[in-house]
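Note sheet for the following structure.
The values are calculated or read from the model by the stated rules, or taken from the named source; none is laboratory data. Please read these numbers as outputs of a predicted model, since none were measured by experiment. Neighbour counts run over all protein chains shown; Cβ positions are idealised from the backbone, glycine included. All accessible areas refer to the heavy atoms of the entire protein, side chains included, with ligands and DNA or RNA removed. Shrake-Rupley method; radii C 1.70, N 1.55, O 1.52, S 1.80 Å.
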Amino acid sequence: MTPPRDPSFIRPPPRATRIAPSPTGALHLGNARTFLVNWALARRSGAKVILRIEDLDGPRVKPGAIEQTIDLLTWLGIDWDEGPFIQSDDLTPYRQALSGLAAAAMAYPCELTRSQIEAAASAPQEGVHETPFPASLRPPLLPRAFDDESTNWRFVVPQIDIEFDDLFHGPQRIAPAASVGDFIIWTKRAQPSYQLAVVVDDARQGVDFIVRGDDLLDSAARQALLYDALGLPRPRLLLHLPLVLGPDGKRLAKRHGDTRLDTYRSRGVRAERVIGLIASWCGVGGDLKEMSAAEFGGALTVSTIPRGPVTFGPREDAWLCST
């Protein structure tokens, strides 16, 4: 297995990274770990930190969530150099990108329902959460005008493998045509999908260093296709962290209890205690102990982060609340 590499020792160093919370719910401990690691590595490598609020999942955005998110990041000791930029403030860049793809016969409107797609797909693949879009459902490819924002638009996925190097997981080889097929890049809510929006924003904001959970490794391949199709440079450095799981081995969620940062803060838990727990998950500082964001940033190295997922359970919750 390829040893993890720290961006601080890569030349040339990264120019910019982004912390990009989504206000579809309150920040929880898993989010905090990703954002703190991202921030710490950026500060040590000299990369600019951009705060971007990814609020395009309209129906799920909670009132006041943006303000609370910014407040909690500050409480943790995370700062940034530019932003916050709110994605929904201006959809023009995404419309322009989609228009270019449609004109180049790389995107097409699609009104098929999920049940229709599932009915046309072959036998379901074990462990796959998203039904791959069968190429047989793809209409004739021709230049189109992006003249209907109220329907889904799909990107034409070529039959190629995407290769990239991840600082944590090493060389990756993914075939999006097999794993997902033609995926949605514009939604019937008249908004771009996550995949298109993140590519457009990272490119125009000069982001070349990305830190996120390893559940998005497959998304990295989809986004690489979009960068190439739009004639944009791919981010140079990618680092996908193992997830934070509950005691049942599943991704940390409501079923594991209330792990929201704001809940712990309202109970009187200090930010330094939350950071101390995250530090232990990253192999920093030995036993559980309180730590500031600056102390965490000074001690963190990619090589100390465990290679597998970490677990949040009753022991960790009890330690946080034993103040």
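One residue alone among Glu272, Glu290, Glu295 is part of a loop (DSSP other than H, G, I, E, B) and at pLDDT 95 or above, and that residue is Glu290. Enumerate the pairs (first residue in region 103-123 and part of a loop (DSSP other than H, G, I, E, B); second residue anywhere and not basic (Lys, Arg)) with beta-carbon separation below 6 Å, excluding pairs fewer than 6 apart on the same chain, so at least 6 apart or on different chains. Note: pairs meeting the criteria are Ala105/Leu141; Ala105/Leu142; Ala105/Pro143; Met106/Val156; Met106/Ala229; Glu111/Thr151; Ala121/Thr131; Ala121/Pro134. Looking only at region 161-201, residues that are more than 25 Å from Asp147 (Cα to Cα), not in a strand (DSSP E or B) and not hydrophobic (A, V, I, L, M, F, W, C) come to 4 in all.
Looking only at region 296-311, decide whether some residue is open to solvent by 40 Å² or more (accessible area, probe 1.4 Å), of a type in the set (A, V, I, L, M) and closer than 27 Å to Val49 by Cα.
Within region 296-311, one or more residues are open to solvent by 40 Å² or more (accessible area, probe 1.4 Å), of a type in the set (A, V, I, L, M) and closer than 27 Å to Val49 by Cα.
Filter region 301-323 for residues that are part of a loop (DSSP other than H, G, I, E, B) and either among the acidic types (Asp, Glu) or under 20 Å from the mean Cα position of the chain (by Cα) (or both) and give the result. Those that are part of a loop (DSSP other than H, G, I, E, B) and either among the acidic types (Asp, Glu) or under 20 Å from the mean Cα position of the chain (by Cα) (or both): Ile305, Pro306, Arg307, Gly308, Pro309. Looking across Leu277, Leu288, one residue alone is closer than 30 Å to Ile10 by Cβ and in contact with a Leu (Cβ under 9 Å, 6 or more places away or on another chain). It is Leu277. Applying a threshold of 6 Å to beta carbon distances and a minimum spacing of six or more residues, or different chains, the list of pairs starting in region 149-162 at a residue that is touching a residue at least 60 places away in the same chain (Cβ under 8 Å) and ending at one that is among the aromatic types (Phe, Trp, Tyr) and assigned to a loop (DSSP other than H, G, I, E, B) reads Phe155/Phe183.
Taking the criterion of being within 19 Å of Arg5 (Cα to Cα) and without any contact (Cβ under 8 Å) to a residue 24 or more places away in the chain, the residues of region 299-323 that qualify are Ala299, Thr304.
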